[in-house]
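Take a look at the structure set out below.
The values are calculated or read from the model by the stated rules, or taken from the named source; none is laboratory data. It should be emphasised that the depicted structure is a prediction, and the values quoted were computed from it without experimental measurement. Cβ placement follows ideal geometry from the backbone for every residue including glycine, while neighbour counts extend to all protein chains displayed.
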Amino acid sequence: MDDIRRVTELLDEGGPSPTVAATGRQRLDELIAQAPTAGRPRAGESIAQEPAGSRLREVPSTRARVPRTSSPRRRWSRWALPGIGLVAAGAAAAIALTVTATPPARPQRPAPSETAQRLSGREVLLAAASSAETAPATTGRYWHIRWVHAITVENASPVGNVFETWAAKDGWWYMGTATLDGRGLGLDKEKHKNGASFELEDRMLSFDRLQRLPTDARRLTAWTRTFSRGLNASWRPKDVEYSVTSTLSALLYAVPVSPKVRAAAFRALAQRPGVTTGGRAKDVRGRVGQAVTIGPVRLIIDPKTAFVLQETTGTVDGTKASSTLYYEVGWTNGKPHVPAA
């Protein structure tokens, strides 16, 4: 396809032209509009409200709380680099699925042919970059994320619990955990020096430092590579490159960067080797987006809103997929609390 070739060639020039971006966005509008609206959650719905027979279930309420000394935020790590094991394995018995708001349903249109609706992984990422760059900057008291870290086993229902974090510019950090039926498992909090309460790949950064990140894809990749080398001095070059991909994907949701930095992260991911597409895909909850695989990371993205629906980053024992589903990401003035179902 000529437009795919043009996008690929433009990657070496720092990004697509306005014409290419507009064409990609128009094709995405047509593609995304095919997503079935039946079964998609509306704002305020939760898994606990679903009827019997739902694919999703919670872990037993006998789950023990992780002591604060174990640094509960580490349960959010997405995958392990070679030689250090899958971080998510330690939480496999204590994670579940929830849902809050999703993008509004769109009117359905006649489906185009399979050839017309198949976008390359780079096209999806570049279209998401365009959406991210034009999003208005927002602010609030806390950077808030509501997510689910799920373990999915073949021919079985996913399991897990609800997680929410709040990070403030003055260094306060909170994490709430609950079961699907609303039984709270606690609210942890920590105070970090110098306002470094925003976590990026197990490193705590300040808001001011995040605002200084490069807005150019190549420079952002270079910064990320230096950052990744500092995470573990014993990592091989291959390990560092895995971490570069991981950190770039984390910049899409984990920390409060500017719209231009977030767009640069999408463009930098589009330049990573081995980018492939999975076409239209549903996350564990059933929300529809575009699947993109970059090395060990598989993302399901809504390119029109630049929202990452799900990230799958590895397996446990070769049979259990470790995924994180995102439902609320952004600034809020709401107070930290134990999550509800």
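What are the residues in region 145-202 that are out of contact with any Ser or Thr (no Cβ under 7 Å at 6 or more places or on another chain) and of a type in the set (G, A, S), if any? Selection gives A156, S157, G160, G176, A178, G182, G184, S197. Restricting T245, T324, T277 to those that are buried (at least 16 other Cβ atoms within 10 Å of the Cβ) and touching a His at 6+ places or on another chain (Cβ under 7 Å) reduces the list to T324. Taking (1) at positive phi; (2) under 20 Å from the mean Cα position of the chain (by Cα) in turn, Y142 satisfies each apart from (1). Restricting attention to region 219-232 and to residues that are over 20 Å from the mean Cα position of the chain (by Cα) and of a type in the set (G, A, S), the residue that is surrounded by the most Cβ atoms within 10 Å (Cβ to Cβ) turns out to be A222. Annotation: D216 fulfils all but one of (1) over 20 Å from the mean Cα position of the chain (by Cα); (2) over 21 Å from T134 (Cα atoms); the unmet one is (2).
Please find, within region 165-213, the residue that is surrounded by the fewest Cβ atoms within 10 Å (Cβ to Cβ) out of those that are acidic (D, E) and under 21 Å from the mean Cα position of the chain (by Cα). Ranking the candidates gives D202 first.
Checking each residue in region 220-258 for being out of contact with any helix residue (DSSP H, G or I) (no Cβ under 8 Å at 6 or more places or on another chain), assigned to a helix (DSSP H, G or I) and under 15 Å from M204 (Cα atoms) picks out only A250.
Here A268, A306, A340, A291 are screened, and the one residue that is closer than 26 Å to R141 by Cβ and surrounded by 21 or more Cβ atoms within 10 Å (Cβ to Cβ) is A306.
Can you confirm whether A127 is modelled with pLDDT under 80, on the phi < 0 side of the Ramachandran plot, buried (at least 22 other Cβ atoms within 10 Å of the Cβ) and not in a loop (DSSP other than H, G, I, E, B)?
For A127, the condition - modelled with pLDDT under 80, on the phi < 0 side of the Ramachandran plot, buried (at least 22 other Cβ atoms within 10 Å of the Cβ) and not in a loop (DSSP other than H, G, I, E, B) - is not met.
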